[in-house]
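A.B. asks: For reference, the structure I am asking about is given below.
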Amino acid sequence: MPRPRVLSGVQPTGALHLGNWLGAIRNWVNLQDSHDTFFCVVDLHAITVPHDPEQLAADTRKTAALYLAAGIDPSRSTVFVQSHVPAHSELAWLLNCVTPLNWLERMIQFKEKAIKQGDQVSVGLLDYPVLMAADILLYDADLVPVGEDQKQHLELARDIAQQRINARFGQKDADGEPIPVLKVPEPLILKEGARVMSLTDGRSKMSKSDPNEGSRITLLDPPELITKKIKRAKTDPVMGLEFGNPERPETDNLLGLYAILSGKGREAVAAECAAMGWGTFKPLLAEAAVEALRPLQQRYAELSADPAELDRVLAGGRERAQSVAQATLDRTRAALGFLPVH
Ligand code: AMP
């Protein structure tokens, strides 16, 4: 039995933060032993909002290096850059032509991002989820580990594969069983860490695009900065920390972060902090965050000192990704009736 296939990716826009790590990348690391794992840096997605060319290249390298620093092992996982495999753009076009416009217009992330762009919204921003569907479907992924916010995009990828490609263009075998063109993927959303909230507002999620840097802890923040951000994090005047009180979203978030980063788990920290004041809690959380990130930051520093090594990893990843992606693209082209290349 081949191992189930996993694909995921993160955009190379700005510094990765605790939400990206706990909600996505950290979970990828554990899947490497049991799954056939593909992880890409989705640079084509990064240009769906205005971007700076120099920054894009630098952030693409940085994001790939952070994957490795976080524990993605290129001898067990295929690590690559999305734009290095042209099949992503090509399958996205094929999928575009079968995806109803109104499916895209109702995407929550599009609506949220579009508000910020006014009349400058690009066609690419609307099309973002179709490119994401192409990323996933090209690799016949069984599972897609993402944070809670990507669930709607996953549903869309499933609907495109099932209703718009397989149902319309799939063939039947001798027994009348459908032969799918594209594999229909499942989301993998782990509860713990699925939604890390902002340090300055417990009701909105930690995000790269929040103008206030104090709202997030990035994976490369030095210890003093981590401590400072946690010290300034929003709290409330109530004594003692608890989970699940809707009046205290900041408390829930910070206690949840402590549970994960300290490795103690929710039950233990709920007991430990039930009567604790903020002045005692915050230094504990800061220390847990600094310690949890220390090994990652150390590996990142080593990788930064050897850029040729990262280039080698990405070249090897591109080669493997390309061969898998091309086979799916050829299959889809054939199903849609394109004249084969001779
Ligand atoms: P993005 O930063 O939007 O490129 O997201 C990259 C990955 O990180 C996706 O799988 C997201 O679901 C995940 N992610 C982003 N922000 C958070 C957050 N605040 N909490 C949990 N997961 C997140």
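A.B. asks: Using the crude model of +1 on Lys and Arg Cβ and -1 on Asp and Glu Cβ, and no other charge, please compute the dipole size for the chain relative to its Cα centre, in debye to 20.
C.D. replies: I would put it at about 220 debye.
A.B. asks: Tell me which GluC sites (Glu not before Pro) from segment 145-199 have a DSSP coil assignment and no more than 15 other beta carbons within 10 Å of their own. Let's see the in-between values first.
C.D. replies: Numbers: sites: 148, 155, 192; in loops: 192.
When the GluC sites (Glu not before Pro) of segment 145-199 are filtered for loop state and at most 15 Cβ neighbours within 10 Å, 192 remain.
A.B. asks: Just subtract the alpha-carbon distance of residue 89 and residue 167 from 0.36 nm times their residue separation and send over the number in nm, one decimal. Before the final figure, lay out each step's value.
C.D. replies: Details: separation 78, 0.36 × 78 = 28.08 nm, distance 2.27 nm.
So the chain would gain 25.8 nm between residue 89 and residue 167.
A.B. asks: Another question, if that's okay. Loop-only check: which trypsin sites (Lys or Arg not before Pro) in segment 83-131 are DSSP coil with at most 16 other Cβ within 10 angstrom?
C.D. replies: 106
A.B. asks: Work from the charge dipole of segment 217-342 (Cβ charges, +1 for Lys and Arg, -1 for Asp and Glu, about the Cα centre) and give the residue of 292, 237, 342 farthest towards its positive end.
C.D. replies: Checking the options against the dipole of segment 217-342, the answer is 342.
A.B. asks: Okay, next question. How large is the dipole of segment 224-329 about the Cα centre if only Lys and Arg carry +1 and Asp and Glu carry -1, each at its Cβ, rounded to the nearest 20 debye?
C.D. replies: For segment 224-329, the charge dipole is close to 160 debye.
A.B. asks: Go ahead and run the numbers for FRET between residue 294 and residue 271, Cβ-Cβ distance against an R0 of 22 Å, rounding to 0.05.
C.D. replies: 0.25
A.B. asks: Taking θ as phi - 60°, what are the ³J(HN,Hα) couplings along segment 235-252 by the Karplus curve (6.51, -1.76, 1.60), each to the nearest whole Hz, with x for Gly and Pro?
C.D. replies: Result, ordered by residue: 9, 9, x, 7, 8, x, 10, 8, 9, x, 8, x, 7, 10, x, 5, 5, 4 Hz.
A.B. asks: Residue by residue through segment 49-64, what is 3J(HN,Hα) from phi via Karplus (6.51 cos²θ - 1.76 cosθ + 1.60, θ = phi - 60°)? Round to whole Hz and write x for glycine and proline.
C.D. replies: 10, x, 9, 10, x, 5, 5, 4, 4, 5, 5, 5, 4, 4, 5, 4
A.B. asks: Reported to two decimal places, what Rg/Rh ratio describes segment 116-211 when computed on Cα atoms with Rh from the Kirkwood expression?
C.D. replies: Values: Rg = 17.4 Å, Rh = 15.8 Å.
That ratio equals 1.10.
A.B. asks: Across the Cα atoms of segment 196-324, what radius of gyration and what greatest pairwise Cα-Cα distance (Dmax) are found, in Å?
C.D. replies: 18.1, 58
A.B. asks: Counting pairwise Cα distances across the chain, what percent come out greater than 30 angstrom? All intermediate terms of the calculation are to be shown ahead of the outcome.
C.D. replies: Details: 23375 of 58311 pairs.
Above the 30 Å cut-off, the chain has 40 percent of its Cα pairs.
A.B. asks: Can you grab the distance from the C-alpha centre of segment 321-342 to the C-alpha centre of segment 240-295, Å, no decimals?
C.D. replies: Cα centroid of segment 321-342 versus Cα centroid of segment 240-295: 50 Å apart.
A.B. asks: Hey, can you grab everything whose amide H is under 5 Å from the amide H of residue 51? Only 5+ residues off in sequence or another chain; H modelled, so Pro and N-termini drop out.
C.D. replies: none
A.B. asks: For each pair in 205/229; 208/229; 62/234; 116/208; 116/183; 183/208, compute the distance between the two Cα atoms and list the pairs where it is over 25 Å.
C.D. replies: 62/234; 116/183; 183/208
A.B. asks: Here is a further query. Could you tell me the relative contact order of the chain? Use alpha-carbon pairs under 8 Å, at least six residues apart, and round to a whole percent.
C.D. replies: Details: 525 pairs, mean separation 75.4, N = 342.
Computed over the chain, the figure is 22 percent.
A.B. asks: Rounded to the nearest 500, what is the 222 nm mean residue ellipticity of the chain from helices alone, with -39500 (n - 2.57) per DSSP H run of 4+ residues and division by all residues?
C.D. replies: That comes out to -15000 deg cm²/dmol.
A.B. asks: Looking at 150, 256, 8, which one has the Cα that reaches farthest to the positive end of the dipole of the chain (charges on Cβ: Lys, Arg +1; Asp, Glu -1)?
C.D. replies: The residue sitting farthest along the positive end of the dipole is 256.
A.B. asks: Between residue 342 and residue 204, what length comes free when the chain is fully extended (0.36 nm per residue of separation minus the Cα-Cα distance, one decimal in nm)?
C.D. replies: Working: separation 138, 0.36 × 138 = 49.68 nm, distance 5.32 nm.
Residue separation times 0.36 nm, minus the Cα-Cα distance, leaves 44.4 nm.
A.B. asks: Quick one: what Rg and Dmax do you get for segment 242-306 from the alpha carbons, in Å?
C.D. replies: Taking only Cα atoms of segment 242-306, I get Rg and Dmax of 14.5, 48 Å.
A.B. asks: Related question: Two decimals, Cα atoms only, Kirkwood Rh: what is Rg/Rh over segment 64-111?
C.D. replies: Numbers: Rg = 16.0 Å, Rh = 13.7 Å.
With Rh from the inverse mean 1/r over Cα pairs, Rg/Rh is 1.16.
A.B. asks: So what are the ³J(HN,Hα) numbers for segment 24-33, from phi and the Karplus equation (6.51, -1.76, 1.60; θ = phi - 60°), rounded to whole Hz, Gly and Pro as x?
C.D. replies: 10, 4, 4, 6, 4, 4, 5, 6, 4, 6
A.B. asks: Give the share of C-alpha pairs in each 5 angstrom bin for segment 89-158, from 0 to the last occupied bin, in whole percents, shortest bins first.
C.D. replies: 3, 15, 29, 24, 18, 8, 2, 0
A.B. asks: Give me, ordered by chain and number, the residues 5 or more places off residue 78 or on other chains with an amide H under 5 Å from its own placed amide H.
C.D. replies: Amide H to amide H, under 5 Å and 5 or more residues apart or across chains, residue 78 pairs with 37, 38, 39.
Laboratory data are not the source of any read-out in this text; all were calculated from the coordinates shown. Predicted model only: the values in this text are computed from it and were never measured. Note: ideal-geometry Cβ built from the backbone for every residue, glycine included; neighbour counts use all protein chains shown.
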